Amino acid sequence: MASPAFKKIIGLIITTVIIGIAIMPLGSSFPKIALDPSWQSVVQWAFVHSKSFGTDIVFTFGPLGFLHTHQFQPDLFVYRLIFWFTVVLAVGAFLSRYWARIPIWVSLILSYALLVTAGPRDTILIALPLVLALEVFDARERPRPWLVSLLLLLMIITGLVKFSGFMVAFAVLLIVDFVRAVHGRSFPLYSLIFIVGSWVAFWIVGGDPNWLAYLQGGIDLSSGYSSAMQIATNNPALSYVFPAILAGFGLLVWGYARDTMPWRTPQRIGVAASIAIFLFFSFKAGLTRAGGGHTVILTSALAFIASIGAFLTFSLANSRVPKFFALILVSFTSWMHLSNIALSRPNNSAIGWAYVHAIKRPIGKYHALRGLLAGDEYSNLEKKRRIALERIREEVPLPQLTGSVDVYSPQIQPAVLAHGLNYNPRPIFQSYAAYTPRALKMNYDHLISADGPDYVLFSPNSVDNRLKALQDGMSWLPLMLNYEQVAIVNDMVLLKRDLGKRRLVQAQSSQRIPKRWNEAVTVPGSAPCVWAEIHIKPNIIGRLLTVMYRAPIVEISLELSNGQVHRRRFIPSMGTTGFLLSPILLTGSAFFQACSSTPTDDVFRSRVSRVRFHTSKVGLRSFEPNIDIILTPTVIMDADADADAGVSGSRWSTLQ
């Protein structure tokens, strides 16, 4: 019979290797013209150039966000390996304690389950606070100070990797400190260390002590994420999510409460609350954007918590019933996760993906590690990155510009960086992510400030079939007013800053039109373009849905003067600060003519005559019945032009 100490050592080795195979980023991706590689390139660039997150850059990822990415960057690659190896070591050390308490065959089965399901890095990052809570509240042994300290350090770093990591950690640590205060009358040490450590780490990493700005930006974007970024899904694997959550949570709570254990009630509550927080954030991460890799985060989290719960159940429970159901739950959630991967990547089955994760991936990680240790793989990665950058320069040729440049397109940032241009991004550098009034105002203020970009590459692209005019819509009029079109570059409009040549003329009195859902609104045709502010307010049901799940989807249908109807996704929070309602812009080349007093025929035919707003039956119960619509006829004229281009008279006023 192996001694407990020997089993702990074996458990540490096996679990560290298994978690390392699952999450260590030994392979790398490279820059390219696509959505995710674009923001990854900017996050890496921001860290290398010491940009301050919260003021210069505001995003869902923080100053250490590059640690989350797979994209190879020579200056950051070693930091990424060190961070994830430390995460692997911490989780392996935590699980090794349970190897000494349960049969080895059970440990091997549960370790195999972790191997095939613990792939998404988000799962491990948001699990770190739960691991700390379970370590602190261990029913059989005292917490290991070195591991608790290491987990706190990793949680501080995780909070600077991704803001959701900060929220999970802070919530769990508050619970841990509360339970410790109630049970042992101890000082709330962990929360205090975490807050002070996060501030100091932010200062050290970015050279800026304004950590509160980072918090404010993260809270702002997090508050609007569920409304703006949600997408629906018909993934059948997710129909098992709710039963799995209830079964897993119920099994763990039942196992704790049923058997005689040396746990007092506050500790049980602390563990149950920590698990609930982990499941809640996993649920939000997986089902807000219920497609592709996001649902994999949720199913991976369910399989992960089932495996951890089985370790705990076999370690603590006295009867066989909870142990039996724990193994059933592990099998069920693992199958659900692999089935979900098979649906999102239909080139393989659930069994095939189990083979890939258990056999092919370890072999690939072994060869990658051997290459890194030999020095060959690193040189190969550098070569592949150079080739990728050269491919970007060929795919998107850009002129050499003497001033600073910003890009209003969610995929082209890698091209600006690859060409070595003087990149001067607005704070929320991806327009689809500027979905709150505060975020839109920050981008607007940057654009009109003295530090605004000298050049702008503009293309009215959108994501999730959104109305294109919502993407940084508040900034469109300043772009038309303060910039001039100098070229068309790869279907993008190249704009150059040129102040004082144009003036903005708007109707003195805007039309305020209260309408209900699905009712048609007539858009005035008295001016070349119409500026709109739309106020769609959620009721108490809508607010609860947004917090606990996701807000119902809102759509807008635009009927053109030629009878064509365009139906697009509408984000209510993006419509409150104003956007171009008419004409509807489908191409970047029409942008500069949109509000001109002498529009082209294509722009004239794109004028909107009527609009309607739609939502689902659940949405009708989640929003206020009345929609407040403000329409303002607008025209942009040359500064020296006579005010007689159909906009003269007392109804009009020059605003700028």
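What does the charge add up to near F314, with Lys and Arg as +1, Asp and Glu as -1, over the other residues with Cβ less than 11 Å from its Cβ? Mind showing how you got there, number by number?
Details: positive: R101, R320, K323; negative: none.
Once positives and negatives cancel, what remains is +3.
Report the gain in length on full extension from Y79 to D638: 0.36 nm times residue separation, minus Cα-Cα distance, nm rounded to one decimal. Mind showing how you got there, number by number?
Details: separation 559, 0.36 × 559 = 201.24 nm, distance 5.29 nm.
Full extension of this stretch gives 195.9 nm more.
Of K162/K384; K515/K537; K32/K384; K162/K284; K468/K501; K51/K162, which sit over 21 Å apart, Cα to Cα? List each step's numbers first, then the result.
Details: K162/K384 27 Å; K515/K537 13 Å; K32/K384 12 Å; K162/K284 15 Å; K468/K501 26 Å; K51/K162 16 Å.
As for pairs spanning more than 21 Å Cα to Cα, those are K162/K384; K468/K501.
Scan around G578 for amide H atoms under 5 Å from its own, H built in the peptide plane at 1.01 Å from N, and keep only partners 5 or more places away or cross-chain.
I534
Round to the nearest 0.05 the FRET efficiency obtained for V618 and S379 when R0 = 51 Å and r is the Cβ-Cβ distance.
Numbers: r = 55 Å, r/R0 = 1.08.
Between V618 and S379 the formula returns 0.40.
Under a crude label model (7 Å from the Cα following the beta-carbon direction), how far is I13 from R140 in nanometres?
Modelled inter-label distance: 2.1 nm.
Under Stokes-Einstein, with the Kirkwood radius over Cα pairs standing in for Rh, what whole-number D in µm²/s applies to region 404-497 at 4 °C and 1.567 mPa s? Don't skip to the answer; put the middle values down first.
On the way: Rh = 13.2 Å.
Answer, rounded: 98 µm²/s.
Can you tell me which of 113-125, 492-504 comes out highest on packing, and rank the rest after it, using the mean Cβ neighbours within 10 Å?
Numbers: 113-125: 23.9, 492-504: 17.3.
By packing density, highest mean first, the sequence is 113-125, 492-504.
Helix 241-258: angle to the longest alpha-carbon principal axis of the chain, degrees 0 to 90, nearest 10?
In the chain, helix 241-258 runs at an angle near 40 degrees to the longest axis.
Modelling each spin label as a point 7 Å along the Cα-to-Cβ direction, I'd like the I219/I387 distance in nm, to one decimal.
The answer from the label model is 4.8 nm.
Once the principal axes of the Cα atoms of the chain are found, what is the range along each, listed largest first in whole angstroms?
Extents along the principal axes, in whole Å: 96, 57, 50.
Give the calculated FRET efficiency between S557 and Q400 to the nearest 0.05, with a Förster radius of 51 Å applied to their Cβ-Cβ distance. Before the final figure, lay out each step's value.
Values: r = 44 Å, r/R0 = 0.85.
Plugging the Cβ-Cβ distance into 1/(1 + (r/R0)^6) gives 0.70.
Just the ratio, please: alpha-carbon radius of gyration of region 527-633 over 2.2 N^0.38 Å, N its number of residues. Don't skip to the answer; put the middle values down first.
Values: Rg = 15.5 Å, N = 107, 2.2 N^0.38 = 13.0 Å.
For region 527-633, the normalised Cα radius of gyration comes out at 1.20.
Provide the packing ranking of 364-373, 322-331, i.e. peptides ordered by the mean count of other C-beta atoms within 10 Å per residue, highest first.
322-331, 364-373
Relative contact order (percent) for region 404-497, with alpha-carbon contacts under 8 angstrom and 6 or more residues of separation? List each step's numbers first, then the result.
Details: 139 pairs, mean separation 27.8, N = 94.
Over region 404-497, the number comes to 30 percent.
When the Cα atoms of region 359-466 are enclosed in a convex hull and the volume is divided per residue, what value in Å³ results?
On the way: hull volume 19.1 nm³, N = 108.
Here the figure is 177 Å³ per residue.
With each pseudo-label sitting 7 Å past Cα toward Cβ, what's the I351-L153 distance in nm, one decimal?
Here the modelled spin labels are 4.6 nm apart.
Before anything else, pin down the relative contact order of the chain: Cα pairs under 8 Å, at least 6 apart, normalised by residue count, whole percent. Display every interim value, and only then the final one.
On the way: 1162 pairs, mean separation 92.4, N = 656.
Relative contact order here is 14 percent.
Rounded to the nearest 0.05, what FRET efficiency do A181 and Y549 have when you use their Cβ-Cβ distance and R0 = 45 Å? Kindly include the intermediate steps, with their values, before the conclusion.
Values: r = 32 Å, r/R0 = 0.71.
Calculated transfer efficiency: 0.90.
Relative to the longest principal axis of the chain, what angle (0 to 90°, nearest 10) does the C-alpha long axis of helix 163-184 take?
40
What ranking do 621-630, 154-163 get when scored by the average of other Cβ atoms within 10 Å per residue, highest first? Walk me through the numbers before you get to the answer.
Details: 621-630: 16.8, 154-163: 24.5.
Answer by packing, highest mean first, reads 154-163, 621-630.
Which of the aspartates and glutamates could a cross-linker span from K323 if the Cα-Cα distance has to be under 14 Å and same-chain partners fewer than 8 positions apart are dropped?
Once the sequence-local aspartates and glutamates are set aside, what remains near K323 is D259.
As I understand it, the value is the acute angle between the Cα axis of helix 145-161 and the longest principal axis of the Cα atoms of the chain; what does it come to in degrees, rounded to 10?
Helix 145-161 sits at roughly 10 degrees to that axis.
Take the alpha carbon atoms of region 68-110, find their radius of gyration, then divide it by 2.2 N^0.38 Å using N residues; give the quotient.
Values: Rg = 15.4 Å, N = 43, 2.2 N^0.38 = 9.2 Å.
Here the answer is 1.67, to two decimals.
Per-residue HN-Hα couplings for region 111-119, Karplus 6.51 cos²θ - 1.76 cosθ + 1.60 at θ = phi - 60°, whole Hz, x for Gly and Pro?
After applying 6.51 cos²θ - 1.76 cosθ + 1.60, I find 5, 5, 4, 5, 4, 8, 10, 8, x Hz.
FYI, it's all coordinate maths here, none of it is from the lab. Because the structure is a prediction, the values reported are computed rather than measured. A quick note on method: Cβ atoms are made from the backbone with ideal geometry, for glycine too, and the neighbour counts reach across all protein chains shown.
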